[in-house]
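Accompanying notes for the structure given below.
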Amino acid sequence: MQFKPYAKSLAVALSFAFVAGCASSGGTQDGALDGTAGSGTGTSTTGQGMASGQQSGTAMQAGQQGRIPDVRTIYFDFDSDQIRSEFQPVLTAHARYLSNNGNAKVVLEGHTDERGTREYNVALGERRAKAVERFLTVQGVSPSQFEIVSYGEERPAVRGHGEDTYAQNRRVVFSY
Amino acid sequence: MKRYLTLWLGAMLMLIAAQAQADLTIEITRGSDRATPIAIVPFAVEGDMSLPQDVAQVISDDLERSGQFAPLSRDSLISRPSRSENVNYRDWRAVDSDYLVVGEVAQEGGGYRVQFELLDVYGERRMLGEYISSNTEQLRRTAHYISDKIYEAITGVRGAFSTKIAYVTSQGSGDDIRYGLYVADADGRNSEEILASNQPILSPAWSPDGTKLAYVSFETGRPAIYIQELGSSRRVRATSFPGINGAPAWSPDGRKLAMSLSKDGQPEIYVMDVAARSFQRLTNNSAIDTEPSWSPDGNNIVFTSDRGGEPQLYRYDIASGQVERITFTGNYNSRGRYAPDGESLFLIHRGGNEYQVARQDLDTGRLVTLTDSRWDESPSVAPNGSMVIFATQQGNSGVLGAVSADGRASFRLPAAQGDVREPAWSPFLN
């Protein structure tokens, strides 16, 4: 546990027994930012198919060119790690951003729906994140710029059961 | 060394911060039609002492939960003897009770002296009788001890009522989820927080001597396997490789941890020598290999792999290094756990759209589904093999369930609030 003070809103801070650690999405940029990447997450139950990471601060560092692409979550079919064609432009945008900003780093968070056993789902989530990694590598992004963390089913974007819920939870999130 | 010291300190700080309790309650969902009737008479209490626990009720709840006993309701008790010499066996045959438990609680020093007797109603004989010294804090434990003795005297199998369970809770949603790792008595009471985090915790695993838990925590933002001493709350980080650090499983001698690591590409099964901190890689292929479980004799490790295109259980023979597939029923079988006698496996089986706890006989290969729920996970077997505890869903909440090894009896252990999951049944602790 890192006791890293975290500049979220005071209300959120007070609601925790201890203020600690990195939120998994939106606020974990390496080369940390004192408060500017204040992570407007906690919005992951909006059900818009635009789960976490979307409202993060832009977290621009000096010398970076362009903005981090707005869409930072892509979704997967059941039991699949295939990149759906509709999300290829999203990945291309991230690839371009990372290529243009050699110091930028991103954590690729792999997630699954709740079905099946937990450690197996951790492995499935990693497989999805690796599919994204391969895509980025082919586009010329340096492997040193990304890291994979699979959460499996441990951090659902949306709670509950049923295909609508599952579809929003089978995802890879770009966490800058 | 300094690094471990820091980690220990961190764990202790967390314990100071952690006051929360997360006791679970028991809801019997299905009683067995073959349960043995037994009468448990409320224990006579010396003088006007008020006791912190109703000893006979704790014993009754324990035995009922096992699915193997049907305790008579207190209304149907004809008389309330507290010693065998005052028992009229005919009375108890009249209410069809096979067995009778009577007892007394007397003051002894600053504590109690608890006396109990187990009587065979049809044989008209005393099977057990014992005095136990106890005190206010231990009274519930004393009742579990008596349940263990009764269970073993009647079934011939060691009782597991004095054991514990570890489990993970979560509350909140989105980025405000708070996770807790708890240890409680096997009946869900006396819960104690072991770790609190705003990042996921999973896969708690008891060391065979019951003194340590290995588990996976994402508290640094990356998964790592930790080993925590339960008495002292000291802990070490066992692994924190790039990628997956998951599914720790202790060898029966407690010297090794099997686990799944993806540091070399795909998730593979490794065995770590805990003292030497050295690693041996067991599997090597392009598929997922995870969820290892040691056979009780330490000769095999069963694990989940999708090397055949779908998750199935495979067995790794430690002497030869040979791997063979062992599940063939359906297209999803995962997270196998050996029964203590090594003759069967408990696992999660998908039939249709349901993920359910199943038992597979290792000799015949026959697989039997034990539950009728939809989203079961994480089966963990009681050390006497009588029951399996698992995680499942009730409405939109994660709850623990337990089912007898024959599937006849089941109960649920919901948390007062939030979700509970990832149960791990302790070994025998005494």
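Brief remarks on what is shown
- Per the listing A:Leu136, A:Leu108, the residue uniquely more than 7 Å from every other protein chain (Cβ to nearest Cβ) and free of Cβ contacts under 8 Å to residues at least 60 places away in the same chain is A:Leu136.
- So B:Ala196, is it outside any loop (DSSP other than H, G, I, E, B), within 13 Å of chain A (Cβ to nearest Cβ) and more than 22 Å from B:Ala258 (Cα to Cα): yes
- Boolean, B:Val216 is closer than 16 Å to B:Phe428 by Cβ, in contact (Cβ under 8 Å) with a residue 12 or more places away in the chain, assigned by TED's automatic domain parsing to the domain that holds B:Trp294 and not in a loop (DSSP other than H, G, I, E, B): no
- Enumerated strands (runs of 3 or more DSSP E) restricted to the stretch B:220-302, each holding at least 1 residues that are of a type in the set (Lys, Arg) and more than 22 Å from the chain's Cα centre (by Cα): B:235-239, B:278-281
- The set of residues in the stretch B:401-425 that are among the small types (Gly, Ala, Ser), part of a strand (DSSP E or B), within 29 Å of B:Asp209 (Cβ to Cβ) and within 15 Å of the chain's Cα centre (by Cα) comprises B:Gly401, B:Ala402, B:Ser404, B:Ala424.
- Of all residues in the stretch A:122-168 being among the acidic types (Asp, Glu) and farther than 29 Å from B:Ile225 by Cα, the one that is surrounded by the fewest Cβ atoms within 10 Å (Cβ to Cβ): A:Glu163
- A count restricted to the stretch A:145-165 and to residues that are at pLDDT 95 or above and away from chain B (no Cβ under 11 Å) stands at 1.
- Checking B:Val121, B:Val101 one by one, the residue that is closer than 25 Å to B:Gln53 by Cβ and touching a helix residue (DSSP H, G or I) at 6+ places or on another chain (Cβ under 9 Å) is B:Val101 and no other.
- In the set B:Thr136, B:Thr142, B:Thr169, B:Thr155, only one residue is in contact (Cβ under 8 Å) with a residue 60 or more places away in the chain, within 14 Å of another protein chain (Cβ to nearest Cβ), closer than 30 Å to B:Val55 by Cβ and of a type outside the set (D, E, K, R); that residue is B:Thr169.
- Filter result for B:Gly309 (free of Cβ contacts under 8 Å to residues at least 40 places away in the same chain, assigned to a loop (DSSP other than H, G, I, E, B) and more than 14 Å from chain A (Cβ to nearest Cβ)): no
- Number of the exception - A:Ile83 against (1) of a type outside the set (Lys, Arg); (2) over 27 Å from B:Ala247 (Cα atoms); (3) part of a helix (DSSP H, G or I): (3)
The values are calculated or read from the model by the stated rules, or taken from the named source; none is laboratory data. Only a predicted model underlies this, so the values are computations on that prediction, with no experimental measurement involved. Counting neighbours? That spans all protein chains shown, and the Cβs are built from the backbone with ideal geometry, glycine included.
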